[in-house]
Each structure stands twice: as structure tokens, then as C-alpha cells.
Amino acid sequence: MSSKEVRKKFLKFFEDRKHTVVDSSSLIPTDPSVLLTTAGVQQFIKYYTGEADPIKDFKSENTVSIQKSFRTSDIEEIGDTSHLTFFEMLGNFSFGGYFKKEAIEYAYEFITKDLSLEISYVTVFKGSHGVQKDEESRRIWNSLGISDVREEGIEDVFWGPTGNSGPCGPTTEIYCKDSSGEDIEVWNIVFNEYFFPGSREELISEEPAKKLEKLEIPGVDTGMGFERLMMVIDGVDSVYKTDLLLPIIEKIDLLAPSLDIRIKRIFADHIRASVFLIADGVRPLNKEAGYILRRLLRRVIALQIKYDVHPDLFTEVVPVISSKFDGVYKNLKDTSAILLVMEEEKKRFKTAIGRGLRELSKYKKLTAKDAFSLYESYGLPFELIKEVAPVEVVGNLTKEDFEKEFKKHQEISRAGVEKKFGGHGLILDTGELKAGDKNELEKVVRLHTATHLLQSAIRRVLGEDVRQRGSDITTERTRFDFTFPRKVTDEELKEIEDVVNGAIRKDMAVHFIELPLDEAKDKGALYVESAKYPAKVKVYYTGDSIDAAFSKEICGGPHVSRTGAIGKFVIKKEKAVSAGIRRIRATVL
Ligand code: SER
């Protein structure tokens, strides 16, 4: 059976049973607490909680979809026979239309009749966290002639919540045998009976502080990984042998016939995933979804360099993916637009790490300290070093050793910073600016506001975990120190500069309000961890409201009244102060 037939059968099966077919949502979810779409249920969460009405939106309480999904949790496993980053998920959903009996009966019928597969065994929830053992599902399975029903705990057979809170509930899973006779999970059927006001980690902890609440109307959410299902249907021993991935592998075979199969699979998975991310509007960046895309692309490029794979890898493989999935999903037709993003990233990456790779090739044996120094000076991530360097050079190097080295450097740098500033009196926090007369004061005030914009821009470009470690302003320049583990590239500096100048051009208002210290921190105002603040503080923010501000910091002032007064912002220099701490010098013209 081809994947095309299975797609059709699945949708038709549930359409015939009064489900509305809903298109896959984007890989970029609307819930900001989730980086990428990880399951079919995500676009439907609001129908379980009662925030949206399924009848109004779908003319039915039941839906069916094939959803583009992405999970980063398996990124390190890629290269084996079954793990993928990007995958498709077949699922049927009900928001009050039906519950356990129909959900299990539908799944049983589809698996055993429409797909002619044999169910090896099923699992049900054994009960905990105030939720009873799922005897009802066991009885339903038994009534269908399935007697091997195994009980499992909250970690395995309880789904959700997906974000910081949400619907969740016990699940029942269907296992079938693969070609080697191993049992693998093909279908997960979730009974969304509860709402948990916290994350999954909090829920499955031994004694969660929060309690499960009953949802008013119980719902159903099911998910079946398409590639694994096809592997079982086809009786093959790898997802890469199903028609969803085989054409990609065949193309790679032509370009690099003698390449190790693991590397071919990494190429197939990562290029396919990148194509889908780019089609949904993700671009390579140093944070969030953009960072995931960057990591996938850079891993492919590094391996391509290491194994000297044909330079046309992207150009050859992307059209294969496009023709396989165009028509099923959106934005896949224009391969040149997708390739442009990939080729630009390739150029950027090669410039950024070219020196680092050359440096790396000089080592006969690499210690954790060397690896850290390559990371610090050239931006070579540990995984890449391991991937690219020959086994003789990096064979014994472990991630733990590397991390130890990392921590050591962080501690040294922290001590250094405290000594330098004596742990108090950072000039910006007291509002004491070095200025001798009115003209000088005017200049330092412009630089002061520019420094706020700079911090905000740095965090936008390099990631939210960047922390201020010090700053100093004279009439000539602002100097800003912050935590960041490696050199900031020229491209990133340019991006930071552009973001600041963009905020200046918008000519935003600069305001302050006085707030109790805790409330200021709650509002997300930035502050210096080592500084001492009074009980009541001023929060300076740019933009019309503090909640939607471009920048907000606990600060004594003074500042310009509109960002337009700053003039043109120019970064002069970037360098290391100590390991893990970078310094930017900038000025305004
Ligand atoms: N949300 C569940 C899963 O992803 C069922 O669809 O497994």
C-alpha cells in the first residue's frame, strides 16, 4: 500500500464516520510557550477547554487531520532506523462527540480491517495522581477480542499538557509487530478528561503542587506516526525504506554512494525537516525555532564538508522532497525560494566556522579544554566538533568533560566580574553618568538610552538567556558586558546594530513608572543580578505601554524622551572580557 493510499483511506474512514477533515496547521504554533508543533492535537486545544466552538468552526464535534509535526527530543538519535525530527501524524479528534468506546472501536477497525494489521497488544493506564485505573478501556478491548492488555504508568500512558498548561488524560496505545518481530507503538489514543494548570514536568513529578481538574466535556485525541505506520504496513525495517523517505535516500545514494548509511539518513531527515520549516516561514537564527533550523542545516553542511559530499546536495535533494509533498502541504512548490535560504545559511556558516574547522584540523588529539577554546573562539559547537573531527582526535572526548570545562570558565569569569566592579555601583544602575557639562550630558543621555536598546537587541538576536554583566558610559562611547559563550559573529553584530537603528527610526516614546521591586521584575524589567536595588524602583521602557515595550529596565535614568533623539547607532568593537563574557563598544553619531 502506498502512503498516498493510506492518507486517503484514513481521512475517508473518519469522514464516513462524521468527522470533518481539517488541514494541517503550521509548524509554528500559536501557543508561544511551545516552540514548534509537536502533535496533531495542538491546533485543537481550545475546543477541549471550551474556549472555541467546534460546531461553529467545523460543523461537527469530530475532526480528522494529518499534521506536520516536529520533535527536537530525538535529534541526537537521528541516523538509526526509526527516529525522525520532522514527521507526520494521522489523528482523529472529538470534542464531546464520542469517548472511549467509539475511539477504541474505530482504531481497532481501521487497523485490523482497513490496514489488515494484527494488533500485538495494547496498554492502558494503571491509575495514579488521583486518576483511577482505566478498567473501561480494558473491557472495551476485551470485547473486541484483544486480551493482552498491559497496564502502564503516568510517564508512558498519560498525555499532556503540551504547553505551560492544558488538557490531558490517560491513553491507550496499540502495538503491532515490525518486520523483525519487535513490538512497536503505532497508535496513541488519548482520553482528554482533565485540565492541568501546569506543565507536564510538574504533573508527572512525584508530588505535584497543582491538581488535575475535570474538563466539563471529555474529549478524544489520537495520534499515529505516519512513517512508523508505513514501516509496519510495508514490513520494512526502517522508516527510510517507506515511500515517504526512500526517494530522498535514493537521490543521496546517487550523489554519495559510499557514504555511511547513518549519514545518509541524517541528510534525509534534516533536509526534509528544513524544507518544511522554511516552507512555514522559519529562518535560520540564533534563537528559538530559527536556532533549530540553523542547527539542522549546519549539521548537514558540516558533514557535507567532512565527507566531501557533492556540493549540489541541497539543489538535488530539495526538488525530490518538494515533488513528493507538494499538493499535500502548502508552500513547497517554489524550490528556489527554499534553496535560497539554505544556500545563504551555507555561505554564512562557512565564513563563520571556516577558520575554526581549519584550526581543528591541526589537532592530533583534542582535550576538553581545546574543545572549549574552539567553541569560545570560533563558535564550533561541541556536537559539531565530535561529528567533524576524526575518531582518533575526538574519540575519548565526552560531553560531560566539555561541560565541566564550560562551568569552570563560567566560574572564573564570574569571579573576575565581581572583582572588577566590586559588586556595586554599576554606573548605569545608579544613573550616575560621567558628564562634565550640558553638552556632554546630552551625549551620555543619548548613549544611555541607546544602551537599553542595545541590550534588548542583543537578547533578540542572541537569545533571551543573555544577561548584563556590567556597563559604562562616557561621552565617547557605551561599553556593555554580557554573558555569551562565544564570539559574536560579524553578521550577528550587524543584525544587532540594525535592530537598534530600527527602534531609533520608529521614534518610540521613552517613559518610566515607579514600581515595587518585585512587581518590576514580574513585569519582565531587566536588572543586574549582582546589583542592590531599593524597595521601590523606576522602570524605564520604550514604546507606548510597559507590557508591549521594546525594552524595559530597572534604571535610575536619565533618558531621552523619544528614541529618535539618539541619532545613528554604530557598533565599534566586540571582544571577550573573560570566558563566557563578551563586551560590545558602541557609539552614537
Ligand atoms: N497527542 C497524542 C500524541 O501526540 C495523541 O495524538 O501522541
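None of the figures in this text is laboratory data; all of them are computed from the coordinates on show. All of these numbers come straight from a predicted model, not from anything done at the bench. Cβ: placed from backbone, ideal geometry, glycine included. Neighbour counts: every protein chain shown.
Checking the Cα-Cα distances for LYS346/LYS369; LYS287/LYS575; LYS350/LYS399 against a 26 Å cut-off, the pairs over it are LYS346/LYS369. Computed over the alpha-carbon atoms, segment 174-280 gives an Rg to Rh ratio of 1.13, Rh here being the Kirkwood radius from the mean inverse distance. Amide H to amide H, with H built 1.01 Å from N, ARG467 comes under 5 Å of THR483, counting only residues 5 or more places away or on other chains.
Highest mean packing first, where packing is the average number of other Cβ atoms within 10 Å per residue, the peptides 15-26, 232-243 line up as 232-243, 15-26.
With a cut-off of 9 Å between beta carbons, the residues surrounding LYS523 carry a summed charge of -1, where Lys and Arg count +1 and Asp and Glu -1.
Based solely on its DSSP helices, what 222 nm [θ] is calculated for the chain when runs of n ≥ 4 H residues each add -39,500 (n - 2.57) and the sum is averaged over all residues, nearest 500 deg cm²/dmol?
My calculation for the chain gives -12500 deg cm²/dmol from helical runs alone.
In terms of overall dimensions, segment 1-151 has a Cα radius of gyration and Dmax of 16.9, 44 angstrom. State the Cα centre-to-centre distance between segment 67-107 and segment 285-313 in whole Å. Comparing the Cα centres of segment 67-107 and segment 285-313, I get a distance of 27 Å. Ordering 102-110, 62-70 by mean Cβ neighbour count within 10 Å, with the highest value first, yields 62-70, 102-110.
Projection of the Cα convex hull of segment 486-589, averaged over all directions and equal to a quarter of that hull's surface, yields 7.4 nm².
How would segment 66-178 be classified by its alpha-carbon gyration tensor: rounded, prolate or oblate, with rounded meaning a/c under 1.5 and the a/b versus b/c comparison settling the rest? Oblate. For segment 277-398, the equivalent ellipsoid derived from the Cα gyration tensor has semi-axes of 31, 15, 12 Å, listed largest first. Length available on full extension from LYS399 to LYS333: 0.36 nm per residue minus the Cα-Cα distance, which gives 19.7 nm.
Taking packing as the residue-averaged number of other Cβ atoms within 10 angstrom, the listed peptides 289-301, 493-505, 333-345 run from highest to lowest as 289-301, 493-505, 333-345. Compute the FRET efficiency between LYS568 and ASP243 as 1/(1 + (r/R0)^6), taking r as their Cβ-Cβ distance and R0 = 41 Å, and round to the nearest 0.05. Taking R0 as 41 Å, the efficiency between LYS568 and ASP243 is 0.15.
So for the chain, averaging the separation of alpha carbon pairs under 8 Å that are six or more residues apart and normalising by length, what relative contact order in percent results?
Relative contact order, the chain: 9 percent.
Between amide H atoms placed 1.01 Å from N, distances below 5 Å from VAL577 occur with ARG582, ARG583, all of them 5 or more places distant or on a separate chain. Taking θ as phi - 60° and the Karplus parameters 6.51, -1.76 and 1.60, the scalar couplings of segment 204-218 work out to 8, 5, 4, 10, x, 6, 9, 10, 5, 10, 6, 6, 4, 10, x Hz in sequence order, x denoting glycine and proline. Spin-label model, GLU201/ALA535: points 7 Å from Cα along the beta carbon direction are separated by 3.4 nm. Here the convex hull built on the C-alpha positions of the chain has a volume of 179 cubic angstrom per residue.
Here ASP518 and SER60 are evaluated by their C-beta separation; at R0 = 56 Å the FRET efficiency comes out at 0.75. With all pairs of separate Cα atoms included, segment 531-589 yields a Kirkwood hydrodynamic radius of 14.2 Å.
Once Rh for segment 17-91 is found with the Kirkwood sum over Cα pairs, what is the Stokes-Einstein diffusion coefficient at 37 °C and 0.692 mPa s, in µm²/s? Value of D from the Cα-based Kirkwood radius: 241 µm²/s.
Mind scanning LYS12/LYS133; LYS330/LYS568; LYS443/LYS538; LYS214/LYS536; LYS443/LYS536; LYS408/LYS506 and naming the pairs with a C-alpha gap bigger than 31 Å?
Going by Cα-Cα distance, LYS12/LYS133; LYS330/LYS568; LYS214/LYS536; LYS408/LYS506 fall outside the 31 Å limit.
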